[in-house]
1. Let's test the formula: R0 of 35 Å, r as the Cβ-Cβ distance of residue 84 and residue 351. What FRET efficiency results, to the nearest 0.05?
2. Take each of the peptides 382-392, 222-232, average the number of other beta-carbon atoms within 10 Å over its residues, and list them starting from the highest.
3. Given springs between every Cα pair under 10 Å in a Gaussian network model of the chain, which of 204, 212, 41 has the largest fluctuation?
4. Tell me the relative contact order for the chain as a rounded percent, counting alpha carbon contacts under 8 Å between residues six or more apart.
5. Can you tell me how much longer the chain between residue 291 and residue 253 gets when fully stretched, taken as 0.36 nm per residue apart minus their C-alpha distance, in nm with one decimal?
6. If I model a spin label as a point 7 Å beyond the Cα along the Cα-Cβ vector, how far apart are those points for residue 141 and residue 382 in nm?
7. Just the projected area, averaged over all directions, of the convex hull on the alpha carbon atoms of the chain: how many nm²?
8. Work out, step by step, the length gained on full extension between residue 91 and residue 120: first 0.36 nm times the residue separation, then minus their alpha carbon distance; give nm to one decimal.
């Protein structure tokens, strides 16, 4: 057996949670491999809308095991709220949720450092979700971090206090006002809840599962263009969001990777700062935002909106080795008479068809093709044979330029509004 990987190809918010939920019946195990509660994976089914931040999106499927991998950073406060919220739906996550011993813990002072650092940047801020993700990964690579497996060590409290003192010194440098005493009780409550879950070594667990022909789907968070190495640095997240991150974030050998599902919206969005070559600052951009309900599921911030960017999408396909494409939110374009697609950029007067190392909105101009819109309602469509010919043409156009098949098209937020294309 191989491990299939599902990840976003843009700047996040592509709809990964919904598709993981749709695909989960095909898999025995769903594993989150990076990121933390800065993720917001929204699922809708049976009239229920639920947002997951840390727990894999297969949690609502009874027969699937869900893993939080070693590449994930966990905030016990947020995880407790998430588990309590799921419990209200009659689901006991303890039955099918496993947590890596090697996953790092976000402690309250990580969040304080995140806020202090972002405030100090002023106009140069990167658009952090202020969840403490960056400082936690910094402690991980600096070999100062606390891991889930440390919770049962007799010196855990001492190690926690040592890390807090280090953070307090840094906060003094920022001259940042805070009240740690308000945050710590919730943290320790979360730690106690964590102790009720099952801790594992994901590298051994996944290896044994594959030996016994168990199917695994690795679930990514954020998007490929936010990858710490290959994204629009420094306006990126703090982990490897690309396919290679599944290997390091779950302990899987590269040769064990099978299918790579790449998810993208029929247009583009971005939250926070950073370059966005096809961003629309006009009524069309506002219409996309309104029709797509483009507000962050984690932060609530309005998303920046623009047309689909093929050079950026090709780049993400290349670095991930994508084998199948999934197009989300086709229904958001229902009312547009014409739809634009960026095919090239103008960089310093030269036309290029690739994403350059150093790009910004100031020196990169998008070059567009214009296609006919379908101007028909899609939310009630349940079969690919029912979609309008203009949408077929849009899909065929993208497949020709991207050279990868689009096998799933989403026409609404509910799990039933998912069209499967015959391969």
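Quick note: the coordinates plus some simple rules give every number you see, no bench work behind them. Quick caveat, the model's predicted, so the values are computed rather than measured. Note that we place each Cβ from the backbone using ideal geometry, even for glycine, and neighbour counts take in every protein chain shown.
1. About 0.05, to the nearest 0.05.
2. Per-residue Cβ counts within 10 Å, averaged per peptide and sorted highest first, yield 222-232, 382-392.
3. 212
4. With pairs under 8 Å counted, the relative contact order is 20 percent.
5. Numbers: separation 38, 0.36 × 38 = 13.68 nm, distance 4.15 nm.
Extending this stretch completely gives an extra 9.5 nm.
6. Calculated label separation equals 4.9 nm.
7. 20.5
8. Separation in residues times 0.36 nm, less the Cα-Cα distance, equals 6.3 nm.
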